[in-house]
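In what follows, a single structure is set out as structure tokens and then discussed.
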Amino acid sequence: MPFSHDMVYSLATVVDLINTSPEAGDRDGLADLADLEAFVRLRQVSGVAALTPRDLAEVVELRQAFHAVFTAPDRTTAISRLNTLLGRTRITPSLTEHDGFPLHVHYFAPGASVAEHLAADCGVALAHVLVEDEWERLRTCAAPDCSHVFVDESRNRSRVYCDSRTCGNRIHVAAYRARRRA
């Protein structure tokens, strides 16, 4: 995918956000404000003021909306869901350099909440994936016991596991053992 650094970073951020869901793991990765603060630090979300319980509720709701885009049954539904999400987001593009990142575009409006910030930057990144007709790259892990989402950045669009070292390896070892027993 020929996306710039900031698009790839925003796509990784939306994947990390969705994968904080309790459906994707053992626990809710956004159970409280401390979890949200840790996420903001980890993903280096810039321009975020002090976080509030309202921010947490909005980000959890946003997480569900992004998950609905990733798990849409078809491209048309994904576009509709993303348009709904973007339609509720104030977007004000601006060029910026900060925190050692090269020149890139921020899409969130000045004074935006953390949810608006994530909706704008990550929503626009997903919009670019759809515009480039790469919707099939938005995937859910093929491992039967994993619900993580990921963006398939492989050249031939062949990635099926969220992480080949964990889910992929576990499935391949299980298949090998089953063949050995047969």
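The values are calculated or read from the model by the stated rules, or taken from the named source; none is laboratory data. Being a predicted model, the structure only gives us computed values, none of them experimental. Please note: Cβ atoms are built from the backbone with ideal geometry, for glycine as well, and neighbour counts cover all protein chains shown. These accessible areas exclude ligands, DNA and RNA; they are computed on the full protein's heavy atoms, side chains included. Shrake-Rupley method; radii C 1.70, N 1.55, O 1.52, S 1.80 Å.
One table, with the values for the structure above:
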{"read-out": "Among (1) more than 19 Å from F150 (Cα to Cα); (2) modelled with pLDDT of 95 or more; (3) assigned to a loop (DSSP other than H, G, I, E, B); (4) in contact with a helix residue (DSSP H, G or I) (Cβ under 7 Å, 6 or more places away or on another chain), the one test that D55 misses", "value": "(3)"}
{"read-out": "Among the residues listed as R159, R170, the single one being assigned to a loop (DSSP other than H, G, I, E, B), basic (K, R) and over 30 Å from P53 (Cα atoms)", "value": "R159"}
{"read-out": "Boolean, R165 is basic (K, R), exposed (fewer than 14 other Cβ atoms within 10 Å of the Cβ) and under 22 Å from L42 (Cβ atoms)", "value": "yes"}
{"read-out": "Every pair of residues 6+ apart whose Cβ atoms lie under 6 Å, when the first sits in the stretch 126-145 and is within 15 Å of H67 (Cα to Cα) and open to solvent by 40 Å² or more (accessible area, probe 1.4 Å) while the second is in a loop (DSSP other than H, G, I, E, B) and modelled with pLDDT of 90 or more", "value": "R139/D152"}
{"read-out": "The stretch 55-71 residues that are among the hydroxyl-bearing types (S, T, Y), paired with ones that are open to solvent by 30 Å² or more (accessible area, probe 1.4 Å) (beta carbon under 9 Å, 6 or more apart)", "value": "T71/T140"}
{"read-out": "First in the stretch 26-38 and loosely packed, with under 15 Cβ neighbours inside 10 Å, second anywhere and assigned to a helix (DSSP H, G or I), Cβ under 7 Å, 6 or more apart", "value": "L33/P53; L33/L56"}
{"read-out": "Selection within the stretch 62-113 - of a type in the set (K, R) and open to solvent by 60 Å² or more (accessible area, probe 1.4 Å)", "value": "R75, R81, R88, R90"}
{"read-out": "Top-ranked residue in the stretch 39-61 [being aliphatic (A, V, I, L, M) and more than 16 Å from the chain's Cα centre (by Cα); ranked as surrounded by the fewest Cβ atoms within 10 Å (Cβ to Cβ)]", "value": "A50"}
{"read-out": "Matching residues, the stretch 146-162, being open to solvent by less than 60 Å² (accessible area, probe 1.4 Å) and either of a type in the set (D, E, K, R) or modelled with pLDDT under 85 (or both)", "value": "D152"}
{"read-out": "Residue list for the stretch 87-113, filter: under 18 Å from R41 (Cα atoms) and assigned to a strand (DSSP E or B)", "value": "H106, F108"}
{"read-out": "Some residue of the stretch 98-117 being of a type in the set (S, T, Y), closer than 17 Å to V149 by Cβ and in contact (Cβ under 8 Å) with a residue 24 or more places away in the chain", "value": "no"}
